[in-house]
1. Give, as a single signed number, the net charge of other residues whose beta carbon lies under 15 Å from the beta carbon of residue 6, with Lys and Arg counted +1 and Asp and Glu -1.
2. Select from 133, 143, 170 the residue farthest towards the positive end of the dipole of segment 69-184; place +1 on Cβ of Lys and Arg, -1 on Cβ of Asp and Glu, and compute about the Cα centre.
3. Less than 16 Å from a label point 7 Å out along the Cα-to-Cβ axis of residue 300: which backbone N atoms in segment 228-266 qualify, by residue?
4. Could you give each residue of segment 251-262 its phi-based ³J(HN,Hα) in whole Hz, using Karplus coefficients 6.51, -1.76, 1.60 with θ = phi - 60°, and x for Gly or Pro?
5. Could you tell me how far the Cα centroid of segment 138-174 sits from the Cα centroid of segment 14-36, in Å?
6. Could you put 335, 324 in order of accessible surface area, largest first, with the 1.4 Å probe and the full protein assembly present?
7. Given 33/124; 33/123; 123/252, which pairs have Cα atoms separated by over 31 Å?
8. Please give, to one decimal in nm, the separation of the simple spin-label points placed at residue 181 and residue 54, each 7 Å out from Cα toward the Cβ.
Amino acid sequence: MTTDAYIAGLPKVELHLHIEGSFEPALMFDIAKRNGIALPYDSVEALQAAYNFQDLQSFLDLYYQGMNVLQTEQDYFDLTWAYLTKMAAENVQHVEIFWDPQGHTDRGVAFEVPLHGIKAALKKAEAELGISHQLIMSFLRHLSEEQGFATLEQALPHRDAFIGVGLDSSEVGNPPEKFERLFDRCRAEGFKLMAHAGEEGPPAYVRGAIDTLKVDRIDHGNHCLDDPELARRVADLGLCLTVCPQSNMRLKNCLDIRQHPIRAMLDLGIAACVNSDDPAYFGGYMNQNYQLIQDGLGLSRAEIGTLARNGITGSFASPARKAELMANLEAYEAEAPKA
Ligand SMILES: [Zn+2]
């Protein structure tokens, strides 16, 4: 059994996926046509050719442009269902996905529209594909804390539809401390807390996410390694880092996959897991992300197993579902041919 086949069959969970970042160019053209919206590209190929990013911001500019075509519940359902059927084919058994409500409400789409469309697809996938899920509402950090509070007010009537809140978009210049009061409020409301930190930002942003926002999980977290004491602390806390290898390469946060930080995280005992972030833009879903680091770092099967376990442990699945996911992984490891 080749390692690629082993990874393809491995039971996986994904904890860091922006549903708007799974918007494939072909579907974007279909929905744009359906909604009578003109895209500034002649073809799927021309759009794909624009996915040549220099950094996080150059990606975000296209990411927001892409989501502009999403308008109806059906659009959000189609987007989410396309992602989930791909995940079923990759043996991804549990997903925790972000949506960016402010990217939709700010252009006049009602708060409920994306939420209902995304949730309908997630429920269908649970029933028909056996994929369990949690949904996470993410605040855009380039906007103000006041705007975050306004979004939270819109969200509270729907609080049972999602388990937690995150913080994403342009990191540098928008430190965790900017959102301290908002996260205090979300914690008091009983939400799980996450923040992107240390993707492009310095170790201080990871420290801020831990000490000021008091997060349950960190998205990316790569730059915690720049501060050995902080890295040790992240390991000791058992804090899950949702690492996204393909994203790091495409946004030039890692220039050589043989130097990817997930190697050092594994060596330090940091609870890192593998995720795809914005797969339609970065050219790889879950299998490709595992394969990328496998090819670059020559991971052992035990290390691949550690990454998969960290995803299950770091998830917000129920204890019973976590036990089920772990049993599926262990059965696979026991049965897969050794070579
Ligand atoms: Zn992300």
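1. Spelling it out: positives minus negatives among the neighbours equals -4.
2. Going by the charge dipole, the pick is 133.
3. 263-266, by backbone N distance to the label point.
4. 9, 6, 7, 9, 9, 9, 4, 5, 10, 4, x, 5
5. 21
6. From most exposed to least exposed: 335, 324.
7. Distance filter (> 31 Å) returns 123/252.
8. Label at residue 181, label at residue 54, 3.6 nm between them.
The values are calculated or read from the model by the stated rules, or taken from the named source; none is laboratory data. Computed from a predicted model, the values in this text were never measured in an experiment. We place every Cβ from the backbone using ideal geometry, glycine too, and count neighbours over all the protein chains shown. Surface areas here come from the heavy atoms of the whole protein model, side chains and all, with no ligands, DNA or RNA. Shrake-Rupley method; radii C 1.70, N 1.55, O 1.52, S 1.80 Å.
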